[in-house]
Amino acid sequence: MPALYSWLRRHPRLVDGALALVLALSGLATGFAFHRYWEIPATLGVTVPVVFRRAHPVAAFAVATVAGAAQVALGVRLGLTDVAIVVLLYTLAAYAPRRASLAGLAVCLVGSAVAIVTWRPTAISFFNWLLVGAVLFGGSSLTAWILGDSVRYRRAYYAGLEERAAQLERERDAQAQIAAAAERARIARELHDVIAHNVSVMVVQADGAAYAMGADPRRAREALAAISATGRQALAEMRALLGVLRRPGHDAAADLAPQPGLHQIGDLLDQARAVGLPVTCTVEGVPRPLPGGAALAAYRIIQESLTNVRKHGGPLATAAVTLRYAGDRLEIEVADDGAGAAASTDGPGHGLTGMRERAGLYGGTVRAGPRPGGGFLVAATLPFTADRAGAA
């Protein structure tokens, strides 16, 4: 049965054709049997539109209504053929707009009244015939319209649910794309910080090793060892960062390391001092922990600032890092007395933009510019309650 039902659903025109044939047989048989051949066109006019009722509900109903009026005019008695009008009214209510189906219902009710007056049997009183006709004609028309309208309402309701589900799916895909873009931007910022910092250190060490190669081989070996260690550290950080891009199920846990934070500022300063940048650190106020993402942002801001000092400050530059725990926020200042923007560079970068984006992601701000007495200053503010809405 399910297979038969599925086949019938795939061939609606065949089903409607069989229904039209069944409805037409009664009128055709009567016309041929009693030689009332004028009834045959009217019968076909009422039943043939059933074949096209789904594709053209309004036109099919209109043709059948005209043919039904012709039946009344020719004096054709009520028969099984006229059930086609009820079927077409149901189809009109199910497939056409409600305004059209209400007009069709009105036409059927008027036609029912005319049929009651025209086809009154002589053996029954007018009052009794009026009750029987109202139930037979008017009741069947009203029932067909109600059933068809309910089908149209349910179809529209289910179509609305499907559209809503499709809209939610599109929104989910859009959110996934936004999240992917945000993750790519985060990875780009991380890669910039890791590569810029560590490559800057390696360049300084390589320059020192080249300078000391003939005069002080020991210092040259130390510089080369520092280059090696810095390169390994950069690779480790990049592996940890890019681990999120590996396919699901891959065992990347062993390669992932904790993200750096303020507790590793000492190591960062020692690394800067090791490459010849004198740097001091001052902590003001009572230290408080920042949320993980904000702590990483603070670390990267200081790292990028020190990298910029080494790149642009000149060989005699010194730097001072200040961490100020003030109320509900952490204030970070990285000041130097080097050449700053006046120094020669190796091309434009995205360090300051990345710092501002990082701070803005957690509701903070970054200001950067030359100091009045010379040098450069980076001042950042990060709230202890990270507000990620700032990135929206």
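Couple of notes before you dig in:
- Among all positions in region 116-127, there is no residue which is surrounded by 16 or more Cβ atoms within 10 Å (Cβ to Cβ), outside any loop (DSSP other than H, G, I, E, B), at negative phi and aromatic (Phe, Trp, Tyr).
- All of Gly111, Gly133 fail the test of being more than 29 Å from Arg54 (Cβ to Cβ) and in a helix (DSSP H, G or I), apart from Gly133.
- Residue within region 301-310 that is under 20 Å from Pro260 (Cβ atoms) and surrounded by fewer than 21 Cβ atoms within 10 Å (Cβ to Cβ) present: no
A quick yes/no check of all residues on (1) assigned to a helix (DSSP H, G or I); (2) surrounded by 15 or more Cβ atoms within 10 Å (Cβ to Cβ):
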residue	(1), (2)
Tyr5	yes, no
Ala18	yes, no
Leu28	yes, yes
Phe32	yes, no
Leu78	no, yes
Tyr90	yes, yes
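- Test: Arg9 is at pLDDT below 90, assigned to a helix (DSSP H, G or I) and of a type in the set (Lys, Arg): yes
- Search result, residues across region 266-299 that are farther than 24 Å from Tyr362 by Cβ, out of contact with any Lys or Arg (no Cβ under 8 Å at 6 or more places or on another chain) and assigned to a loop (DSSP other than H, G, I, E, B): Gly276, Pro278
- Which listed residue is within 26 Å of Ala18 (Cα to Cα) and touching a helix residue (DSSP H, G or I) at 6+ places or on another chain (Cβ under 9 Å), from Gly104, Gly133, Gly75: Gly104
Condition check ((1) more than 15 Å from Leu142 (Cα to Cα); (2) modelled with pLDDT of 90 or more; (3) outside the structural domain of Ala20 (by TED's automatic domain parsing)) across all residues:
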site: Val66; (1), (2), (3): yes, yes, no
site: Gly79; (1), (2), (3): yes, no, no
site: Ala84; (1), (2), (3): no, yes, no
site: Leu88; (1), (2), (3): no, yes, no
site: Ala93; (1), (2), (3): no, yes, no
site: Pro97; (1), (2), (3): yes, yes, no
site: Leu105; (1), (2), (3): no, yes, no
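- Test result for Leu14, surrounded by 13 or more Cβ atoms within 10 Å (Cβ to Cβ) and assigned to a helix (DSSP H, G or I): no
- Restricting attention to region 54-68, the residues that are surrounded by fewer than 16 Cβ atoms within 10 Å (Cβ to Cβ) and part of a helix (DSSP H, G or I) total 2.
- Residues considered: Ala174, Ala215, Ala210, Ala179. Of these, the only one that is at pLDDT 75 or above, over 16 Å from Arg310 (Cβ atoms) and under 19 Å from the mean Cα position of the chain (by Cα) is Ala174.
- Of all residues in region 265-288 being within 15 Å of Phe384 (Cβ to Cβ) and free of Cβ contacts under 8 Å to residues at least 40 places away in the same chain, the one that is surrounded by the fewest Cβ atoms within 10 Å (Cβ to Cβ): Val286
The values are calculated or read from the model by the stated rules, or taken from the named source; none is laboratory data. All values reported here derive from a predicted model rather than from experimental measurement. Neighbour counts are summed over all protein chains in view; Cβ atoms, including those assigned to glycine, are modelled from backbone coordinates with ideal geometry.
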